[in-house]
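Data first, discussion second: the structure below is written as structure tokens.
Read-outs throughout are calculated quantities, based only on the coordinates presented, and are distinct from any laboratory measurement. In this text, all values refer to a predicted model and were calculated from it rather than measured experimentally. Using ideal geometry, Cβ is built from the backbone for each residue, glycine included, and neighbour counts are taken over all protein chains shown.
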Amino acid sequence: KNQVEQSPQSLIILEGKNCTLQCNYTVSPFSNLRWYKQDTGRGPVSLTIMTFSENTKSNGRYTATLDADTKQSSLHITASQLSDSASYICVVSASNDPDSGFQKLVFGTGTRLLVSP
Amino acid sequence: GAVVSQHPSRVICKSGTSVKIECRSLDFQATTMFWYRQFPKKSLMLMATSNEGSKATYEQGVEKDKFLINHASLTLSTLTVTSAHPEDSSFYICSAPLGGRAYDEQFFGPGTRLTVL
């Protein structure tokens, strides 16, 4: 069964500190892995997307890593800001669905991050 | 990046009424759009795939007569919750892929909060 698990479920850090969020997946066949940021009451916004051959990708203060062998990914946030408070969702794409032609997205349950002043 | 809008952002209705939610791709065409629902502190769950000019494809367990989807144009998909009940209260999010089937980076709308009294 395709699954994406994230840890921790929630996290509180002080402003300016770094943190790392974890994602483990059992999606097959694997196509790519995405990290999204979702503010409360808003739709998800893409942070990074990585294919099988990529093991790290950065977007400003966000750095995602991917280990396709162990099926693990992490999202590292550097010098956290109050605006980083949100849910971070790991989404893994299985290869194209034969009916729709689109990649099936398997969503993790997210990590709720609160950055405290 | 590409922009997807939803309208309304929130709606409160009485039990038994029908509610229509619009999803628009503002600066690109989308022959396919996806509808999700999200319960509090839960991840997004795919409800259906909306196809321009043809019938929508529903995920297992989603009632097609309950959640009517119409993809009237290349930039607009609508979800109508018919005879809404309190258990239909949820956060509804749409997404649209950019670039066609070969490259399906998906952009999410801001979501619609539905409350059924």
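With the checklist (1) surrounded by fewer than 20 Cβ atoms within 10 Å (Cβ to Cβ); (2) assigned to a strand (DSSP E or B); (3) away from chain B (no Cβ under 11 Å) in hand, flag the one item A:Thr70 doesn't pass.
Result: A:Thr70 fails condition (2) only.
Would it be correct to say that B:Leu46 is within 11 Å of chain A (Cβ to nearest Cβ) and either in a strand (DSSP E or B) or within 15 Å of the chain's Cα centre (by Cα) (or both)?
Details: within 11 Å of chain A (Cβ to nearest Cβ): yes; either in a strand (DSSP E or B) or within 15 Å of the chain's Cα centre (by Cα) (or both): yes.
So B:Leu46 passes the test.
Mind listing whichever residues of the stretch B:6-22 are assigned to a strand (DSSP E or B) and farther than 27 Å from A:Thr111 by Cβ? Explain how you work it out, then say what you get.
Going through the stretch B:6-22, the residues assigned to a strand (DSSP E or B) turn out to be B:6-7, B:10-13, B:19-22.
Across the stretch B:6-22, the qualifying residues are B:His7, B:Val11, B:Ile12, B:Cys13, B:Val19, B:Lys20, B:Ile21, B:Glu22.
Being more than 23 Å from A:Ala86 (Cα to Cα) and away from chain A (no Cβ under 12 Å) is true for just one of B:Leu79, B:Leu98. Which residue is that? Walk me through it before giving the result.
Details: B:Leu98 fails: away from chain A (no Cβ under 12 Å).
Of B:Leu79, B:Leu98, the one residue that is more than 23 Å from A:Ala86 (Cα to Cα) and away from chain A (no Cβ under 12 Å) is B:Leu79.
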